[in-house]
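Structure first, then comments.
What follows is calculated from the coordinates using simple rules that are stated; it is not laboratory data. The shown structure was predicted, so the numbers you read here are calculated from the model rather than taken from an experiment. Backbone-built Cβ (ideal geometry, glycine too); neighbour counts: all protein chains shown.
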């Protein structure tokens, strides 16, 4: 079952709050395009953004791709979630996305069902 983007975004925000991230002390702005399966949260304190994209792969597997950015750098990071089974831990996946964003650029995050890689800055 594909996740609801706003539910996943709320779970990421809750995970950031659990990790005592100061960026969630002020209300973040959210933009959602349901037709394209994209949701973006930009933090009010200027500490960066998290974009979620929900899609189905050619083999029918569901994927949520998180892209994130931070201030004072053009580098972005990403984290892909491939949910397996009916009892997939969505909050755990949201926590991995939150941890990856909090780690900042170039720091790898390893976790079951989650992969992270750094992308080169766009020219």
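As a rough guide to protection, the peptides 63-75, 30-42 ranked by mean Cβ packing within 10 Å, highest first, stand as 63-75, 30-42.
Over the stretch 5-119, the reciprocal of the mean inverse Cα-Cα separation, the Kirkwood hydrodynamic radius, stands at 14.2 Å.
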